[in-house]
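In what follows, a structure is listed as structure tokens, so that the remarks can point back to it.
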Amino acid sequence: MGRVILFNSFVAISFIFATIFSQSVLAEDKKESLYTRLGGIYNIAITVDHLVDKLYTNHALNANPNIKNVHDQIHTKAGFKVWLTNWVAKRTGGPDVYKPDEFGRGKNMKDSHPHLKITDREFDIIMTECLQTFYNFNVPDQEISELMADLQSFRDDIVTNPTEGYKSPYQIQEKYRN
């Protein structure tokens, strides 16, 4: 009799854990992607359109002759908007349309940026333009945090001309974390 009660208790506990676990898995599966929460490709595209216009006219970025050279080539702007829209869509959980082409575009961030010789400060200028653009389009705070953290994760790939001793306002120092 004791074994039957013990076995039935084990079955009941297992059932409860299985039910709780399956509900938590279902809840996680129901969480919308960042892509969906941003409103999909059209919202991403209009935001990228605005951002790229700001980047191409930013005087501090254009002080870097390598960046200015790209920005001065009028044909690069429209294409960059397409590539960046595709990259953001992929990074946020949308369709994976960001793929390398025969012209050498669509590469990973590390292989795409060495010729620009981007400094830490220039990377932060790009981060600032992104943040201002997100505010301009009223992107919710949670989504801004996720987007900015993702962009920040590429700092080491994109910055190919690091500035010794530079302290980025976007890199939270350990002593300030809760």
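The values are calculated or read from the model by the stated rules, or taken from the named source; none is laboratory data. Just so you know, these numbers come straight off a predicted model, no measurement behind them. Cβ: placed from backbone, ideal geometry, glycine included. Neighbour counts: every protein chain shown. Note: accessible area is taken over every heavy atom of the protein model, side chains too, but ligands, DNA and RNA are not part of it. Shrake-Rupley method; radii C 1.70, N 1.55, O 1.52, S 1.80 Å.
Here's the picture: charge each Lys and Arg Cβ at +1 and each Asp and Glu Cβ at -1 in segment 35-176, and of Y56, V139, N69 the one pushed furthest to the positive end of that dipole is N69. Which part of segment 91-110 falls in the paramagnetic zone of A149, meaning amide N under 15 Å from the point 7 Å along Cα-to-beta-carbon? Inside the label zone: 92-93.
Restricting the calculation to Cα atoms, segment 35-176 shows an Rg/Rh of 0.94 when the hydrodynamic-style radius is the Kirkwood one. Accessible area per residue was computed with a 1.4 Å probe on protein heavy atoms; R91 scores about 110 Å². Taking K and R as +1 and D and E as -1, what net charge do the other residues with C-beta under 13 Å from the C-beta of Q152 add up to? Once positives and negatives cancel, what remains is -4. Straight-line reach from K117: taking Cα to Cα under 24 Å and skipping same-chain neighbours fewer than 8 places apart, the lysines in range are K54, K68, K77, K81, K99, K107, K167. For a paramagnetic label modelled on K90 (point 7 Å from Cα along Cα→Cβ), amide N atoms under 13 Å away belong, within segment 101-140, to 101-102, 104-112.
Can you give the translational diffusion coefficient of segment 51-109 in µm²/s, computed by Stokes-Einstein from the Kirkwood radius over Cα pairs at 25 °C and 0.890 mPa s?
Here the translational diffusion coefficient equals 196 µm²/s.
The apolar share of the surface of segment 35-176, taken as the fraction of accessible area on carbon and sulfur atoms (1.4 Å probe, ligands and nucleic acids excluded), comes to 55 percent. For the residues Y170, Y135, Y56, a 1.4 Å probe over the protein chains yields an accessible-area ranking, largest first, of Y135, Y170, Y56.
Treating r as the C-beta distance of N69 and K31 and R0 as 35 Å, the FRET efficiency rounds to 0.25. Surface listing: K81, K99 arranged by accessible area from highest to lowest gives K99, K81, probe 1.4 Å. Spin-label model, H115 to Q171: label points 7 Å out along the Cα-to-beta-carbon direction sit 2.7 nm apart.
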